[in-house]
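Just below is one structure, and these are the notes that go with it.
Derivation of every value follows stated rules applied to the coordinates shown; laboratory data play no part. Bear in mind the structure is a predicted one, so any value in this text is a computation, not a measurement. Cβ coordinates were reconstructed from backbone atoms using ideal geometry, including for glycine residues, and neighbour counts include every protein chain displayed.
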Amino acid sequence: MFGAMFAIALLSGCGHTPRPEIRTVTVNVPVPQPCIPATLGDEPDYPDTDAALRAAVDAAERYLLIAAGRTLRIARNNELETAVAGCPKVGQ
């Protein structure tokens, strides 16, 4: 009698449905970030504006204004290129 009950209990355990496997999956979702860092700052005030060039007393003063503006633009361009070099490429 005990053997029959043991056999029934043993066989009844074989017919159950297995539990579904639950897995946790981590998905990395890209979050858009501004490419130009906030530390870059605003664009400088360039000395070679149209008004400043028109107000210059002679060609030498205009040349100095243009040279000063060019120096600032080169420095600003270097800052921008450094910042953009760290940006992710589109599609990566």
| Which value results when the Cα radius of gyration for the range 35-87 is divided by 2.2 N^0.38 Å? | 1.43
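How far, in nm, would the chain grow between residue 60 and residue 85 when pulled straight, counting 0.36 nm per residue and subtracting the alpha carbon separation?
Gain on extension, residue 60 to residue 85, equals 5.3 nm.
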| query | Residue by residue through the range 56-64, which ³J(HN,Hα) values in whole Hz follow from phi under the Karplus form 6.51 cos²θ - 1.76 cosθ + 1.60 (θ = phi - 60°), with glycine and proline marked x? | reply | 5, 6, 7, 5, 5, 5, 4, 4, 5
| request: Excluding residue 46 itself, calculate the net charge of residues whose Cβ lies under 10 Å from the Cβ of residue 46, where each Lys or Arg counts +1 and each Asp or Glu counts -1. | output: 0
